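Laboratory data are not the source of any read-out in this text; all were calculated from the coordinates shown. These figures come from a predicted structure and were not determined experimentally. Quick reminder, even Gly has a Cβ in these numbers, built from the backbone with ideal geometry, and neighbours come from all protein chains shown.
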There are 2 protein chains.
Amino acid sequence: MPERDVQYLCELAMQLRVDSVRSSDAAGSGHPTSSMSAADLMAVLFAHHLRYDFDHPDNPANDHLIFSKGHASPLLYALYKAAGAITDEEMLTFRKRGSRLEGHPTPRLPWVDVATGSLGQGLPVGVGVALAGRRLDRLPYHVWVLCGDSELAEGSIWEAAEHAGHEGLSNITAIVDVNRLGQQGPTRHGWDTGAYARRFGAFGWHTIEVDGHDPGQIDFALGDARNTRRRPTVILARTRKGEGVNDVDNREGAHGKPLKDAEHAIVELGGERGVTVKVSPPEVSRPPHTFTGGPLALPSYPLGEKAATRSAYGAALKALGAARGDVVALDGEVADSTKTEEFAHAFPERFFECYIAEQEMIATAVGLQVRGWVPYAATFAAFLTRAYDFIRMAAISGADLRLIGSHAGVSIGEDGPSQMGLEDMAMLRALHGTTVLYPCDANQTAALVAEMADISGISYLRTTRGETPVIYEPGERFPVGGSRVLRHASDDRATIVAAGITVHEALAAADLLKQEGISVGVVDMYSVKPVDRAVLNEAATTTGNLITVEDHRPEGGLGDAVLEAVSELGPRVVKLAVRGMPGSAAPGEQLADAGIGRDAIVAAVRRLL
Amino acid sequence: MPERDVQYLCELAMQLRVDSVRSSDAAGSGHPTSSMSAADLMAVLFAHHLRYDFDHPDNPANDHLIFSKGHASPLLYALYKAAGAITDEEMLTFRKRGSRLEGHPTPRLPWVDVATGSLGQGLPVGVGVALAGRRLDRLPYHVWVLCGDSELAEGSIWEAAEHAGHEGLSNITAIVDVNRLGQQGPTRHGWDTGAYARRFGAFGWHTIEVDGHDPGQIDFALGDARNTRRRPTVILARTRKGEGVNDVDNREGAHGKPLKDAEHAIVELGGERGVTVKVSPPEVSRPPHTFTGGPLALPSYPLGEKAATRSAYGAALKALGAARGDVVALDGEVADSTKTEEFAHAFPERFFECYIAEQEMIATAVGLQVRGWVPYAATFAAFLTRAYDFIRMAAISGADLRLIGSHAGVSIGEDGPSQMGLEDMAMLRALHGTTVLYPCDANQTAALVAEMADISGISYLRTTRGETPVIYEPGERFPVGGSRVLRHASDDRATIVAAGITVHEALAAADLLKQEGISVGVVDMYSVKPVDRAVLNEAATTTGNLITVEDHRPEGGLGDAVLEAVSELGPRVVKLAVRGMPGSAAPGEQLADAGIGRDAIVAAVRRLL
C-alpha cells in the first residue's frame, strides 16, 4: 500500500476517533473507547472494501454492515458523517431525545439493518443476511460484521459460527475488535487472538490474525476475506481500547463513558479534520432472484373431522409457499413435530434447517427479512423461550417475523413440563407491536397462517399437538383482532372466553351447563393480541361475568388480555389457567388436573353465579 | 479387560435396552432408540466408574450424573432399576399420571439433580456443579454428563465448554452419544466425531473418540477422563441409534416413539434378564468446605438522601456475604453496573464471573444450588431474557435461585431500548413458584436482598439504574407478599398502585392532585408476585378506582398482577405502562414520553374521576 494511502487511512481513523469523542462528550454518555479501538478497521473497510450506495440504501447489491458491538455507535455515526450520509450537526444529536442516532443503532437509520446492543446477536443475524444472499437473492453482496471480543463468550456466536461454517458462507466476514477489555475488566483470552482463531478454525472458518491498528495488514485481511471461497472468514484484530488517548488507552475502568477531558483528548488525537471517505457503490446491480408463485389453495377440513392445528399449519404453509415465492421457512430440527416438514419437502430451496439452535433460527429469520423475504420460523412453543432475547431485539428492529410455537400447553400429555409451552403467550404479548394468534381448529389455522404473511412486526401462532374437532367451515375469515361468538343467548348468565384447545372444553362445559338450565356464552378469542375489545365489552356489560380459560400460565396470557380489555368496565372475571407444576399424564388427564377442562369450567361458572 | 467383564457389561447394556423398550411400550410413548444408543456407555459408567450411594443421595461425596439428553429417560430409569433404586414395577409406571418417572427426568427423583428435556442445558448445569466441587465444596466428586450429538448445536453447550475449559475443570466429563441421528434426520456432522473433537479441543478440553458400543474402549476412556488433570474431558462415542434391534437400528424416523413390535424386539435383544449392577459408593466422605459467617449488618441509608437501588443491592449483598458463608454471587461481566462488584471484591472465593454468557450464568447458579449454595445471579434485566429457557427449566427443577435484573425500564435513559428491561416482570411472573420484588428505595432493597436468601424457588429483584430518594427508615421490614400504603385518607377517590421508580412519580402525582383538592391513595407494591391482595381488595372496595403505573410493558407486569388480584371484585382499573417504542432520551424525558411520569398519572386520575 502506498504511503499516501496509509497516511490517509490513519487520518480518517483519527477523525473517527475525534468524532467518537465529540459525540459522546456532547451526549454526556456513550462508548468512545470501544469506538476508538475499531477505528482503523472501519476506516480501511469504508475506504477500500465496502460496496455501498449511501444514496440508495435499498440498492439490492449493497453490501451489509452490522455492528454486532452496537455500543460502538459513535464510530458508526462518525463513519456515516465521513461518508457524507449525515451532517456533523446531526452527529452531535447523538443520544438526544428525538434523534435517530440512538445509544445503540436501530433501523430508524436507513443504513442500519437491525438493532444491536444486546451482544452476540449481530453475527447470527449477519449469517441470515448472508444466507439470503447466497440461497435466495443470489447476489454477490458481502456481509461485514464488526464484533467485540467480549461477545464471543455468547453461545449464539458459536451457533452462528457453526451455521456459517457448515454452509460454507464465504460472503460473510466477522471483524473482531480484540481490544482485550470488556465492560468490567479483561476478557478471558485477552489479546490471545490465537485462542479465538483455534475456535473459529474448528468451526470451519478461515481465520486471519492482524494488528488492528495497521492499515496495511487490515487492508490485506479484508481483501483476503472478500476473495476467500467456500468458507467464511474471521479477522481477529488485536487492538487497544481507547487507542490514541493516553488517559484511556488500554486502561480498565474506561468503558462506556465519555472522556473526562474531551478537549484535551481531541488535541491529543490531532484535532478535528475535514477528512471524507468515498465509499464505492456496488459494481453491478441486478434485481434479486425471485421464486414464482401461483394461486392460493389453502387446505380445507370437513366440519366435524379431527385434525391437529400443527398439521394444519404445515399444510397451510406449504400452500402459501406455492402461492407466494417470497415465503420461506425455518425450523429447529423438529420439523416432523411442528409439521414444517411439508414445506421443507415441497420447497427445499426456501427451507432453512437451523438444527437445535433456536437463537440462530430466529437470527437467521431476522436476517432473511432484512432482505425482504417473508420468514416463518417454527419450534416447540417451549423452546422459543430459548430465543427470547433475539425476539425482543427483533421487535426493537421492527422486524417482520412469523413465529410458530407447537406443542402448546399441558395438553401435549406425557412428555412432561419441559416440553410444554406455558409461558409463550406471556413472552410474546409483552413485546412491542406483536400479534398473538391461537387457533382452535384446522380451518381457522389455515386462514391465520395465510393472514400472517401480511402482518407487520412479529406475529405468533400457537399450535396444539393433539387433534381437535373442526368447527369452522373451510374458507371462513378470521381477521386479526377479531373473535368468534360460538354460543350466545339473551339469557346468558356468564361468558366463557377461550382459545385453542380450551375452546372445545368451553363448548362442552356450556352444553353441560345447559342441561342444568344455565345458559352461558362462549367466545373463541383466537386473536389474543390484539384482543377483540368490542365483544368483551359487550359480554362485560351484558352478562357481567367472564370466565377465561387457557392452557397457559395465569400470568400474561389470554386471561390477562381479557382483564386488560375490560379493566375500566369492572365485570367480575374468573381466570382458569395452569397454576401447578404438571408431570406426565395423558392429555385429558392433564387438562383436568390443571383445572382447565370442562368440569373445572362448569365448577367455576357455578361458583361465580 | 477380562472377557468375563466384557460379557457382563454387554449383558447389562442389553438389559438396559430391553427395559427401555419395555417401559416405553408400557407408556405408549417415549424415546427407546435414543436410550439404546447410550446403553453401553452408561453400563460401563455404572459398573466401573460412577461413585454413588443410592441409599444416601445426599452423601456430599457422591458423584453427579446428569442426563443432558433428558429424553433418554427410559435408559436412566432402567439404570435405576439395575442399581436396585427402583423396582421393575415402578419402572413400568413410566410417563403415567402420578408417577415420578416422568417423560423427562425431574428432581422429583432423589437421584436427579435437575430437570432436563430442553436440550443443551445439562452440560452447562454440570459445569456449575463441578465449579461447586472445585471451588466451594472442595470435594473430589466427579460430574458425568450424558449429552446427545444433536444438542451440540446449542450455543449454550459452547458457553459451558468455554467456562469449563477456561477454569480447567478436570472434575467434569461430557459423554456424547454420537448416534448420528437427531429427531428430524441426520445431524450436521453425522458420525464425524473428529468434527466435535476439534471444537472441544479448541475450547481447551481433553478429547477422546471411541466406539460407543465397545465396553473396553468406553472403560478406558472413562478412566482416562477421571484421571485427567487440569482439563475437562469429552468422550465422543460413535454409536447407533436403536442399536440391537434391526427394525430401528440406525434408521431415520424412529425417534421418540415406542418400538412397533416390542415383543419381537425384546426377543431380538435376548429377552429379559435379571442383571443387576453394584454401583460403588464414594471411597471417602467428608463434609463439604464451609465459609464462616457472622452477624448481619445491612447497609443503611438516611431518609431523604438519594441512592440507586442497584447500589443498595451491591452493598446489601456484600453484607449478606459477610453474614452467611453459603451465599455466593454470579455476574455476566457487568458487575460494575449491577454492583455485584462489591461482593466480588470482598469475597472473591465465592464470586463467579460468567462473562457475557447469560445462559451459562443461570446454569452455573442452578448447579451451585444443587450443592446447597445460595446463589445470587445478576445482569441487566434486559439480558435475563437471554436465559429465559434456563430460568424456565430451573423452575421445573424447583431450583432455589435469586436473580437480579438491573437497569429496569425506560428510566435508564440514553442507552436506548436494547438495554431496557421492559419484559422482565412478565417473563418471571409467568413461571411457576416465582417471587418478583421491585424495591423503590435503598433501605427497602437491602431488606429484600437479605430476605431473598430464604425464599424457596426462583426469586427476582428488579433494580433501577438512577438514584431515587430514600423514603423508608433503615431496618424496616418488607415481607414478601406485602405492600406499603404511603398515602391514605378517608376521602381518597382513587388509589395509585406503583412499584420501584414509579412510586416516586405516584407520590409526586398525589401531591399535585392534593393541590387541586383531589385526595388519592398511594400503595408501594414492592412485592409484585405474590401481590398483596388484602390491600388491593380494600382499595377496590373503598375508592373503587385503581391506577397502576409501572416502568414495564403493559402485559404481564404490575398492572396485570393488580388486575388478577381484584378481578372478581370488579373495580375500575387504569393501567399506565410503557406502550410505545422508546428511543434515547434523558431518564425524566423517558418517563414522561412513556406516559408513566407524574403528569401522566395526574391526567389518568382526572380522566378516571
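Here are some notes:
- Converting phi to 3J(HN,Hα) with the Karplus coefficients 6.51, -1.76 and 1.60 and the offset θ = phi - 60°, segment A:572-587 yields 7, 10, 10, 10, 9, 7, 7, 9, x, 9, x, x, 8, 5, 5, x Hz in sequence order, with x at every glycine or proline.
- For segment B:1-147: span of alpha carbons on each principal axis (Å, largest first): 44, 42, 28
- Fraction of beta bridges assigned by DSSP in the protein assembly as shown that are antiparallel (%, nearest 5): 15 percent
- Across identical copies of the chain, B:Gly588 has label-point separations of 6.5 nm, listed in ascending order, with the point defined 7 angstrom from Cα along Cα→Cβ.
- Full extension of the chain between A:Asn246 and A:Asn227 gives 3.1 nm of extra length, using 0.36 nm per residue less the Cα-Cα distance.
- For B:Glu11, inter-copy separations between label points set 7 Å beyond Cα along the Cβ vector come to 8.6 nm, shortest first.
- Segment A:544-609: relative contact order in percent, alpha carbon pairs under 8 Å with at least 6 residues between: 36 percent
- Percent of beta bridges antiparallel (DSSP, chain B, rounded to nearest 5): 15 percent
- Neighbouring partner chain Cβ atoms per residue of B:563-573, average, 10 Å criterion: 6
- Spatial separation of Cα centroids for segment A:183-207 and segment B:151-172, in angstrom: 15 Å
- Reciprocal mean inverse distance between Cα atoms of the protein assembly as shown - Kirkwood radius, Å: 30.8 Å
- Where Cα atoms sit under 15 Å apart: lysine pairs in chain B separated by 8 or more or lying on different chains: 4
- Computed from the Kirkwood radius of its Cα pairs, the Stokes-Einstein diffusion coefficient for chain A at 4 °C and 1.567 mPa s stands at 50 µm²/s.
- The tail of the calculated P(r) for segment A:198-258, taken as Cα-Cα distances beyond 19 Å, holds 46 percent of the pairs.
- Computed label-point distance, nm, for sites A:Asp55 and B:Asp211 using a 7 Å Cα→Cβ extension: 6.9 nm
- Label-point spacing for B:Pro348 across the identical copies (point 7 Å from Cα in the Cβ direction), in nm and ascending order: 5.7.
- Cut-off under 5 Å, modelled amide H: who pairs with A:Val143 long-range: A:His64, A:Ile172, A:Thr173
- Antiparallel %, DSSP beta bridges [both residues in segment B:478-582], to 5: 20 percent
- Cα→Cβ-extended label distance, 7 Å offset, between A:Asp599 and A:Asn537, nm: 4.0 nm
- Distances between placed amide hydrogens fall under 5 Å for B:Ala586 paired with A:Arg97, all partners being 5 or more residues away or on another chain.
- When peptides A:221-233, A:496-508 are sorted by average Cβ neighbour count within 10 Å, with the highest value leading, the order is A:496-508, A:221-233.
- Averaged over the residues of B:161-168, the number of partner chain Cβ atoms lying within 10 Å of the residue Cβ comes to 3.
- Reported to the nearest whole Å, the Cα centre-to-centre distance from segment A:332-411 to segment B:326-361 is 33.
- The rotation axis taking chain B to chain A passes closest to the C-beta of one chain B residue; that residue and the distance in whole Å read B:Gly155, 1.
- For A:Leu403, the amide hydrogen comes within under 5 Å of the amide hydrogens of A:Ala377, A:Ser459, A:Tyr460, A:Leu461, counting only partners 5 or more places away or on other chains and with H modelled in the peptide plane.
- Whole-angstrom Cα spans of segment A:481-572 along principal axes, big to small: 33, 27, 21
- Each peptide among B:93-99, B:442-448 gets the average number of other Cβ atoms lying within 10 Å of its residues, and from highest to lowest they stand as B:442-448, B:93-99.
- Based on every Cα atom in segment A:232-291, Rg and the maximum pairwise Cα distance Dmax equal 19.4, 58 Å.
- Shielding value for B:386-398 is 6, the average number of Cβ atoms from other chains within 10 Å of each residue's Cβ.
- Karplus (6.51, -1.76, 1.60) ³J(HN,Hα), θ = phi - 60°, over segment B:252-262, in Hz, Gly and Pro reported as x: 6, x, 10, 7, x, 8, x, 5, 4, 10, 5
- Checking every one of the trypsin sites (Lys or Arg not before Pro) in segment B:452-551 against DSSP loop status and a limit of 14 other Cβ atoms within 10 Å picks out B:Arg477.
- Stokes-Einstein diffusion of segment A:168-305 at 25 °C, 0.890 mPa s viscosity, Kirkwood radius from Cα pairs, rounded to a whole number: 127 µm²/s.
- Rounded to the nearest Hz, the phi-derived 3J(HN,Hα) couplings of segment B:5-18 under the Karplus curve 6.51 cos²θ - 1.76 cosθ + 1.60 (θ = phi - 60°) are 4, 4, 4, 4, 5, 5, 4, 4, 4, 4, 5, 4, 5, 4, where x marks glycine and proline.
- In terms of the mean number of neighbouring beta-carbon atoms within 10 Å, the peptides A:198-210, A:138-150 order highest first as A:138-150, A:198-210.
- Debye log10 I(q)/I(0) for segment B:47-127, one point scatterer per Cα, at q = 0.12, 0.20 Å⁻¹: -0.33, -0.94
- Annotation: Cα Rg of segment B:228-367 relative to the compact-globule expectation 2.2 N^0.38 Å equals 1.83.
- Inter-part distance, segment B:449-512 to segment B:519-541, computed on C-alpha centroids, equals 10 Å.
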